[in-house]
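Quick note: the coordinates plus some simple rules give every number you see, no bench work behind them. As the structure is a prediction and not an experimental result, all values here were calculated from the model. Virtual Cβ from ideal backbone geometry, glycine too; neighbours counted across all protein chains shown.
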Amino acid sequence: MFEIENIQRDINTIITGVVLCKQKISNPTWYGHVEPVVQNTIEKKIDPVISRINVGLHMFLKRLNEETVADLRYFNSLEFEVDSLTSQLETQKTQFMNEIDRLSREYFYADHMNSILGVYTKLDEVTNLQ
């Protein structure tokens, strides 16, 4: 928004400068009247150009405002999407860690049971030998 305000200020500066130039050109002569040729030139040549520049600059500013709003909406949608993906990733990470924890407990249990069975197998072998 700051840049748009700067552009608007610059547009106003240009318009003010053109108006001041127009006034300087049309300054009355020392005896109090504006030369008809100068007045004619201002009215026929400069005024329409100033009007076109003014309209063009305001159209540009309006379009810039619209594009800025569109860009902000797009940025906000991207931000929302990133937040959503981050949340999904955190959920998947939690699920993955839970699965690793579960598999680790199963492995520990299976390893423990295997050790117990190994002891019983040895005991059975010793008992059968007697």
Calculate how steeply helix 47-129 sits against the longest principal axis of the alpha-carbon atoms of the chain, using the helix alpha-carbon long axis, and give the answer as 0 to 90 degrees to the nearest 10. 10
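Quick check on the exposure proxy: order His112, His58 from fewest to most C-beta atoms within 10 angstrom. Can you show the working numbers first?
On the way: His112 10, His58 13.
Listing His112, His58 from fewest to most nearby Cβ atoms yields His112, His58.
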Answer in debye to the nearest 20: the dipole magnitude of segment 2-129 about its Cα centre, from +1 Lys/Arg and -1 Asp/Glu charges placed on Cβ, is 1140
Each label sits 7 Å from Cα toward the beta-carbon; between Glu66 and Asp101 the label points are separated, in nm, by 5.5
Put a dot 7 Å past each Cα toward the Cβ at Thr16 and Leu117; how far apart are the dots in nm? 9.1
So what is the calculated 222 nm ellipticity per residue for the chain, using -39500 (n - 2.57) for each DSSP H run with n of 4 or more, over all residues, to the nearest 500 deg cm²/dmol? -32000 deg cm²/dmol
Kindly express, to the nearest 10 degrees and within the range 0 to 90, the angle between helix 2-25's C-alpha long axis and the longest C-alpha principal axis of the chain. 10
Scan (i) 1.34; (ii) 2.99; (iii) 1.05 for the value of Cα Rg over 2.2 N^0.38 Å calculated from this model and give just the label. (ii)
Cross-link partners among lysines for Lys24, C-alpha distance below 29 Å, same-chain residues fewer than 8 apart left out? Lys44, Lys45
Using Cα positions and a limit of under 16 Å, work out the aspartates and glutamates in reach of Lys62, with same-chain residues fewer than 8 apart set aside. Glu3, Glu5, Asp10, Asp71
